[in-house]
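Quick notes on the structure that follows.
Derivation of every value follows stated rules applied to the coordinates shown; laboratory data play no part. All values derive from a computational prediction rather than experimental measurement. Don't worry about glycine lacking a Cβ; one is built from the backbone with ideal geometry, like all the others, and counts go over all protein chains shown.
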Amino acid sequence: MLCPYSPEEWRTVRSREIVQRTLDFERPERVARSFRESDFVWTHHVCRTRLVDWQETGGGAWELTDEWGNVWRRIDATSKGEVHKGVLADWSDLDGYAFPDYSNPDDYAPVRQARAEHPDKWLIGGLPGFAFNVARKMRRMETYLRDLLLEPDRVHDLHDRIDRCIEDMIRNYADAGADAVMFGEDWGTQTQLLINPLLFRKEFLPRFGKLCRLAHDAGVRVFMHSCGQNEQVVPDLIAAGIDLFQFDQPDLHGLDLLASHQERAKVTYWCPVDIQTVLQTRDEQVIRAKAREMLDKLWKGRGGFVAGYYTDNPSIGLTPEVQEWASDEFIRHGVRAAHTSK
């Protein structure tokens, strides 16, 4: 079936309502999407932090200082790099460390402006992560994973302080008109969770629950990007209040397994066609078939799925044409009329 909407009609179908109905499984007339005429607008605060953008340091190397004060390095001009020096290289550094201040409502003026300029779009306020994603950079990953076992009290205190920063951000995003907050936090390798699930449930899960409740009480949804195989705790995260998972590797979990979570809870997935397996085939028919399968299993004309697009084609070695095959299928077949009889 061909998409019944012209490009002009796609622009006028109410994006904010489409996303709302998608999250609530209230049968939106079309699938929500984050490409071409996207249903989403990203926004961010302008709080004064330690952020210094990428600077070339010679010999093809680059450095960046992030908002928390961690120094990142990369060896080319396009990759995301990794933390070279955490701002808390020693625990004694914590005593004199000044955490960023996210509490001033005036610093969220760009959010209010975006809301005024895009009243019919779904507005997302960006978070730096929850405690894990922030702390692991402040201490560097290899040290931080050891800290979780050997320095639990210090880690717990650090997490508490980070949580208070995130709480300020959530409140201000909500007050400024954001529809959702979103953060990235990669919890898995390609095969398993980064830490023992029991440790996750003891130290991190209560924090997820508290921050999600704060957001929901303020009227905003919580979106989480996470790479890797984190299936061991996906049900926990759903129970804690995560409304939407952004997965770039949905086939790492398996579409049937993801769909089974939807049978027990109204959780939404925001995914492109799998970037590590399906897109890498560069086979038009395989890619188009997978996009239709995702609609059939995760959207079904009822909601619960956002058609995604991986925005950094060069990093995954693809030309835009390869993803456009999937985008075309999402648009052509992501209409409720195509699923009413299924």
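Before moving on, here are some points about what is shown:
- Between T281 and A218, the distance separating the two model label sites (each 7 Å from Cα on the Cα→Cβ line) works out to 4.3 nm.
- Cα long-axis angle, helix 152-176 against the chain (0 to 90 degrees, to the nearest 10): 50 degrees
- The chain - mean residue ellipticity at 222 nm from DSSP helices (-39,500 (n - 2.57) per run, n ≥ 4, rounded to 500): -11000 deg cm²/dmol
- Mean separation of Cα pairs under 8 Å and 6 or more residues apart, divided by the residue count, gives region 221-314 a relative contact order of 27 percent.
- Burial ordering of D175, D251, fewest other beta-carbon atoms within 10 Å first: D175, D251
- Secondary structure note: in region 173-311, about 5% of the DSSP beta bridges are antiparallel.
- Contact order relative to length of the chain, as percent, for alpha carbon pairs under 8 angstrom and 6 or more apart: 20 percent
- Region 105-143 and region 269-312: distance between their alpha carbon centers, rounded to Å: 26 Å
- Sorted by Cβ density within 10 Å, fewest first, the residues W299, W325, W54: W54, W325, W299
- Based on Cα contacts under 8 Å between residues 6+ apart, region 100-246 shows a relative contact order of 28 percent.
- Of all beta bridges that DSSP places with both ends in region 16-127, some 75 percent have antiparallel geometry.
- Spacing of the modelled spin labels on V46 and H84, each 7 Å from Cα toward Cβ, amounts to 3.0 nm.
- Ranked S15, S38, criterion: other C-beta atoms within 10 Å, fewest first: S38, S15
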